1. Please give the length that would be gained between Asn9 and Leu168 if that part of the chain were fully extended, namely 0.36 nm times their separation in residues minus their C-alpha to C-alpha distance (nm, one decimal).
2. Rounded to whole Hz and in sequence order, give me ³J(HN,Hα) for region 202-215 from the Karplus expression 6.51 cos²θ - 1.76 cosθ + 1.60, θ = phi - 60°, writing x for Gly and Pro.
3. Going by how many other Cβ atoms sit within 10 Å of their own, how do Ser304, Ser86, Ser271 line up, fewest first?
4. Give the aspartates and glutamates reachable from Lys295 as a straight Cα distance under 16 Å; neighbours fewer than 8 places away on the same chain don't count.
5. At 7 Å along the Cα-to-beta-carbon direction for both Ser115 and Thr48, put a label point, then send me their distance in nm to one decimal.
6. By how many degrees, 0 to 90 and rounded to 10, does the Cα axis of helix 4-14 deviate from the longest principal axis of the chain?
7. I need the phi-derived Karplus couplings for region 229-245: 6.51 cos²θ - 1.76 cosθ + 1.60, θ = phi - 60°, integer Hz, Gly and Pro marked x.
8. Placing +1 at every Lys and Arg Cβ and -1 at every Asp and Glu Cβ, with all other atoms neutral, what dipole size does region 174-306 have around its Cα centre, in debye to the nearest 20?
Amino acid sequence: MDVVAPLQNWIMQKIPDLKIREWKMVESGWDNLIIVINHEWIVRFPRTKRIQKNLLSEKQLLDQIKKPLQKRSIEVPSYQLIYDASDHFPTCCYYPLIQGSPLHPDLYKNILTTSSNRKQIARTLGDFLAVIHSFNNQNLQGFSLEKPHTKAYWQAHWREIQTKIYPLLPYGEQQKVTHLFKNFLVNWDIDALPAVLIHGDLSYHHILFSKEKQKITGIIDFGDSQIGDPAYDFSGIYWDYGEAFFNDAFQRYCQHSFSYSTNDLYHRVVSFYGKRPIFHEILYALENQSTNKWKQKLHELRKSLL
């Protein structure tokens, strides 16, 4: 069934000033269907009701953080919401395209030819996280931001890993994963960890990079923004780009002032959060019955446990 023509007609009805010359649909995202129009506009359709409900608070949040980030030459999306008469929540959003490509680890390794460029990119990410982690929680009370990463959440996450991933691992590697989670759950009072505004999904997919300018141009997809442990936001940076890059970003981060211990934050990243993303990727691939993908990700996990 062709869904493109009806979708194009719907968008043209909702945005009558938009003349569609080129159209590209990106279906690889976990949470959203993305449509790129004329290489100028992004239209983003949430895949689930949860993501759809978050669109309004996401827009409100972006409106708040936009100016402080622009002072550091970091762009974030400027959402316009589109409603359908049959729904109380926004159906989708659209915004001007931020120039750049996702900073894939391979791009990071191959394009960034000097250590000074790599350090500057790491520092930009350190500044970005410092800005959003410094927002006063009292100013965010109307944004419906959740605090999902409780001790109960991590215990349930570990049980799911034991059920679905442990059978794919030799016993010795199961024990290493057990050690990883036990240390985190025992060594930290999780429900008493610092609780600040976090991006919630700062992986390479959401970091836009200009090859021409050799700089980060923007950060996108704030649909998982929440109140949580600031160390969590370094997960993707550590996993995607390695410990040396993380250290550069972290050193820049520490040049800002915080009410919590950045030394403790560092230890939570290197001992637990930095290894967290791969488990989500394997579980997602298993859920979607993507055999090649979960085998690839399982290999990456086993390599990281050596």
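Throughout, read-outs are computed from the coordinates displayed, never taken from laboratory work. Bear in mind the structure is a predicted one, so any value in this text is a computation, not a measurement. Virtual Cβ from ideal backbone geometry, glycine too; neighbours counted across all protein chains shown.
1. Result: 52.6 nm gained on full extension.
2. Once θ is set to phi - 60°, the couplings for region 202-215 become 8, 9, 4, 4, 10, 10, 8, 10, 8, 5, 5, 8, 6, 8 Hz.
3. Ser86, Ser304, Ser271
4. Hits, sequence-local ones excluded: Glu173, Glu281, Glu287.
5. Each label point lies 7 Å from its Cα, and together they span 4.3 nm.
6. With rounding to tens, the tilt is 70 degrees.
7. Values per residue, Gly and Pro as x: 5, x, 4, 4, 5, 8, 4, x, 4, 5, 6, 6, 10, x, 5, 5, 5 Hz.
8. 560
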